[in-house]
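To start, the structure itself, in structure tokens.
Please treat every number below as a calculation from the coordinates, not as lab data. Given the structure is predicted, the values throughout are model-derived calculations rather than measurements. Glycine gets a Cβ as well: all are built from the backbone with ideal geometry, and neighbour counts include every protein chain shown.
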Amino acid sequence: MLQAADDQFAQRVRDSFARQAVMQTLGAELEAVEAGRVLMTMGHRPELTQQHGFLHAGIVATALDSACGYAAFSLMPVDAAVLTIEFKINLLSPARGPFFRFEGQVLKAGRTISVVEGRAWGYTGAETPESEKKLVASMNATVMTVLGRDGLKH
């Protein structure tokens with residue numbers, strides 16, 4: 001079981017997420033924050049699609065990057081900031097929507113570098129037991145704990 005640095009980790013993640021303007025632009029919301037795991041949701045919007053009406057791959061990557069980064073951030077020291085230093089994404093199915101979930105799960109938390117796995121699912125309707133869930137993308141990310149660097153907020 002992964003251990004957060006303090007009992008305020010979820011609030012720190014939520015506060016940082018609220019400052020991330022790109023997540024507001026995408027309409028992404030935090031659904032769950034646990035030590036080493038973050039779940040985000042987002043609806044399909046035409047202005048976020050490519051020419052076939054699917055959620056653009058760059059949007060999927062952006063959302064997964066944030067889910068992975070915040071999963072790692074949840075385990076970092078109180079005064080740390082988080083930066084992604086590398087990721088690889090596999091786009092597995094067209095992101096049709098109308099509803100999406102993005103999950104980041106820490107595989108290995110290190111003092112400086114963490115390895116995180118991300119998954120994106122598209123739902124055929126509002127999330128209900130009858131709604132079909134389809135894996136849209138997977139991500140492997142390497143995330144860095146940043147301490148003592150001017151200009152980076154935690």
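Annotations
- Inter-probe distance in nm under a simple model that places probes 7 Å from Cα toward Cβ, at residue 149 and residue 3: 2.7
- Top of 34, 103, 47 by mean-square fluctuation, Gaussian network on the chain, Cα under 10 Å: 47
- Once the mean of 1/r is taken over each pair of separate Cα atoms and inverted, the stretch 8-75 shows a Kirkwood hydrodynamic radius of 12.4 Å.
- Choice from 75, 55, 92 with maximal GNM fluctuation in the chain (Cα, 10 Å cutoff): 92
- The Rg/Rh ratio of the stretch 9-146, with Rg taken over Cα atoms and Rh as the Kirkwood radius over Cα pairs, comes to 0.97.
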